[in-house]
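Report on the structure given below.
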Amino acid sequence: MAETVEKSLDLSLYELHRTYHEAITDSTKIAVTPKSLQSELTCPICLEMLTNTMTTKECLHRFCAECIITALRSGNKECPTCRKKLVSKRALRPDPNFDQLVAKIFPDRAEYEEQQEKALAILSKNHSQQLMSTIGDAMNAQAAHVKMINRKKNLPDDLLASHCQVGDGLNEEPGMDLGDTVPNRPRKKKRENRVVGLLPSEIEIIFKPHIDIPQATVTRIGDNQTRFIKTLLTASIDHLCKYLKVTLAIDMGIEQVKPEEDKVKEEAKESTENETENGESESKKDDDVDNVKDEPKPEAIQNMKIHVCQVPGQYIELTGPETLEMVIEDFWKVAKPLELHYQFDMESES
């Protein structure tokens, strides 16, 4: 009599630890909402509802057929959920029963997915609005902080307005008033010798007359003997000398016109051409030249020089090609406007 061979079945880890439930044989109904089943019906790869479900034979995790096949082709030879090794598609099997379960729970799947997309769009829009509102509040707070700092520094209003434009919110008009946000604080008294409102490439200069200029000349210049200007650091001493010569000549009433002698010579030349036949040109030309010699010659500003004084009474003459940036670096280490002293001679033009 042939002996019967006993067969043993090896249970998987899932089968060993799963909890068994008794079958429901009466008319009891269990109500389950689709939302509670969302995690069970969602593909871990695409996070969408399972389509053409494929189940791994080892760990029994479910994925969309297209998702898991694409993952295996890309070189990920493991389960995306538990990282258990998957050799190939042979480690997968179709699960049509699960597809029927999904179709039973969601008979109109297309309508359900459309509702999900609409809900996702609404959530995304609300999130974007909240994000933009938060950004607008942060920009308003930053503009208010800048305004408070500028009030402490007593910066000009035009620079303050440029900062306030940054804080315009989404639903607010440009140039909003931040007076309600920042309390009004009394301005501190400006410190002496402090230069504000200057760009990094600019400098403020105070021109004063040199002590060697005669008092009569200083009196002739009048109230403009001390001048305040703002210029670039790249300006040279030659540029400042030309500027002072023009402005001082205007203040002192020195006209920058063509000498009368040149005019008389031009008239004499014209008369020579027109009166050659009468023989009167030579005598008239001599008379005009004599009249020019008798007239007083116009004044002119000559030998314009600019000095810097670090120590009272000690003046250092600045050369022409030297720039203001070089002057500050060499002679002016204090944080106040640069003080320069001008000197010139009054001579008659030849």
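The values are calculated or read from the model by the stated rules, or taken from the named source; none is laboratory data. The structure presented is a predicted model; accordingly, all values stated were derived computationally and were not measured. Because the Cβ atoms are built from the backbone with ideal geometry, glycine has one as well, and the counts that use them run over all protein chains shown. Accessible surface is based on the protein model in full, side chains and every heavy atom, while ligands, DNA and RNA are left aside. Shrake-Rupley method; radii C 1.70, N 1.55, O 1.52, S 1.80 Å.
Observations on the structure shown:
- ARG73 being open to solvent by 30 Å² or more (accessible area, probe 1.4 Å) and under 21 Å from GLN100 (Cα atoms): no
- Close contacts from region 65-85, counting a first residue that is in contact (Cβ under 8 Å) with a residue 40 or more places away in the chain and within 14 Å of PRO44 (Cβ to Cβ) and a second that is loosely packed, with under 13 Cβ neighbours inside 10 Å and among the aromatic types (Phe, Trp, Tyr), with Cβ to Cβ under 6 Å and a gap of 6+ residues or different chains, come to none at all.
- Test: residue in region 131-148 that is under 23 Å from LEU41 (Cα atoms), of a type in the set (Asp, Glu) and touching a residue at least 24 places away in the same chain (Cβ under 8 Å): no
- Hey, PRO107 in a loop (DSSP other than H, G, I, E, B), in contact (Cβ under 8 Å) with a residue 12 or more places away in the chain and not basic (Lys, Arg) or not: no
- Set VAL308, VAL327: member being open to solvent by less than 70 Å² (accessible area, probe 1.4 Å), among the hydrophobic types (A, V, I, L, M, F, W, C) and not in a strand (DSSP E or B): VAL327
- Screening the candidates LEU41, LEU60 for the property of being under 30 Å from PRO107 (Cα atoms), touching a residue at least 60 places away in the same chain (Cβ under 8 Å) and either surrounded by 10 or more Cβ atoms within 10 Å (Cβ to Cβ) or touching a His at 6+ places or on another chain (Cβ under 8 Å) (or both) yields one hit, LEU41.
- Filtered by the rule that a residue be in contact (Cβ under 8 Å) with a residue 12 or more places away in the chain and farther than 30 Å from TYR112 by Cα, region 14-38 gives a lone residue, TYR14.
- Checking GLU273 against (1) in contact with a Ser or Thr (Cβ under 9 Å, 6 or more places away or on another chain); (2) at pLDDT below 80; (3) part of a loop (DSSP other than H, G, I, E, B), the condition it does not meet: (3)
- Region 92-118, subset basic (Lys, Arg) and out of contact with any strand residue (DSSP E or B) (no Cβ under 9 Å at 6 or more places or on another chain), residue least open to solvent (accessible area, probe 1.4 Å): LYS118
- Residue in region 238-246 that is open to solvent by 100 Å² or more (accessible area, probe 1.4 Å), modelled with pLDDT of 85 or more, out of contact with any His (no Cβ under 6 Å at 6 or more places or on another chain) and within 21 Å of VAL327 (Cβ to Cβ) present: yes
- Note on region 283-305: residues that are open to solvent by 50 Å² or more (accessible area, probe 1.4 Å), modelled with pLDDT under 85 and outside any helix (DSSP H, G or I) amount to 7.
- Matching entry among ALA121, ALA161 (being under 39 Å from the mean Cα position of the chain (by Cα), open to solvent by less than 90 Å² (accessible area, probe 1.4 Å) and modelled with pLDDT of 85 or more): ALA121
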